[in-house]
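See below for the structure under consideration.
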Amino acid sequence: MNLFEGGFPVERRPADTSPEPAVAIDTPERPVPTATAAEPSGGRSWVPIRSLGPRHRERIVAHLVALDERSRYLRFGHQASDAQIARYVDTLDFEHDEVFGIFNRRLELIALAHLAHRDGDASRGRAAASEFGVSVLPKGRRRGFGRRLFEHAMLHARNRHVGTMFIHALSENTAMLRLARSAGATIERDGSESEAWLKLPPDSIASHLDQMLGERAAEFDYRLKEHSHRPELGQTAEDGAAADASARAEP
């Protein structure tokens, strides 16, 4: 998911030892309880996480360019320009990978995650693995959104029969590394960069049911927000038309 590598990770290790590195991440939320490596913990308020597709590219670009300089640095590993971000979003493969988002009541994308799936290759002794990257706008931080997206990604990876989820982050991104470690990940540090490897449990009937119900509920929530947002747009258009008519009527 590097901006200069067409959105796909590059192998740094022999194929039979480990998967590719993932993107640098900015997630200052609280760490995930260890139990979430197997199943999401209960007793918390529900957060609607919606799957995104090609028609959401503009919203994704708007989210990423709204990140401050520090957040861009942690997310991409360097100070990405608006043009570089736009090119990165153009390379997103919604057919093969998965992109998730959390919208506020105004349908602003305030949290975004990209789960890039790498298929297994038995001939090379390489197991299937998934790379996780996430970003949260400043206004959405300290609310656990990064943690929820991480759990959501683990569920989806499990249900695709993926055994390992991995993260590549700058070593200074201690919040993200702490999040991964609390989920049971193994952290390997190499100077300014670190890698987190998380073994996932196998999928189950319960995990598939959780995914199905979560997707349906998130879609319903999105439609409700969309419906409640439309009258505001319509009123704005009416106000604009009335103002134009008034201006034309003036001598």
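The values are calculated or read from the model by the stated rules, or taken from the named source; none is laboratory data. All values derive from a computational prediction rather than experimental measurement. Ideal geometry is used to build each Cβ from the backbone, glycine not excepted, and the neighbour counts take in all protein chains shown. Each accessible area value is taken on the protein alone, full model and side chains, heavy atoms only, with ligands, DNA and RNA left out. Shrake-Rupley method; radii C 1.70, N 1.55, O 1.52, S 1.80 Å.
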Kindly rank 206-215, 138-147, 92-101 from highest to lowest mean number of other beta carbons found within 10 Å of each residue. 138-147, 92-101, 206-215
Would you kindly derive the ³J(HN,Hα) couplings of the stretch 131-137 from the backbone phi angles with the Karplus curve 6.51 cos²θ - 1.76 cosθ + 1.60 (θ = phi - 60°), listing them in order in whole Hz, with x for Gly and Pro? 9, 10, x, 8, 8, 9, 5
Rounded to the nearest 10 Å², what accessible area does SER51 have for a 1.4 Å probe in the complete protein model? 50 Å²
Using only Cα atoms, figure out Rg for the stretch 138-206 and give it as a multiple of 2.2 N^0.38 Å. 1.18
Given an 8 Å cut-off on Cα distances and at least 6 residues of separation, report the relative contact order of the stretch 176-222 as a percent. 24 percent
Sequence-distant or interchain residues sharing an amide H contact under 5 Å with LEU52, placed H: which? VAL99, PHE100, GLY101
For ARG223, ARG105, write out the residues from largest to smallest accessible area, computed with a 1.4 angstrom probe and no ligands counted. ARG105, ARG223
Scoring the stretch 88-233 by relative contact order with C-alpha pairs under 8 Å, at least six apart, yields a percentage of 19 percent
If packing is taken as the average number of other Cβ atoms within 10 Å across a peptide's residues, how do 110-116, 52-58 rank, most packed first? 110-116, 52-58
How high is the relative contact order of the stretch 75-161? Use alpha-carbon pairs under 8 Å, at least six apart in sequence, and give a whole percent. 22 percent
Working with all protein chains in place, sort ILE187, ILE205 by solvent-accessible area computed with a 1.4 Å probe, largest first. ILE205, ILE187
Computed accessible area, SER45, all protein chains, 1.4 angstrom probe, square angstrom: 90 Å²
Using protein chains only and a probe of 1.4 angstrom, how many square angstrom of ARG106 are accessible, to the nearest 10? 150 Å²
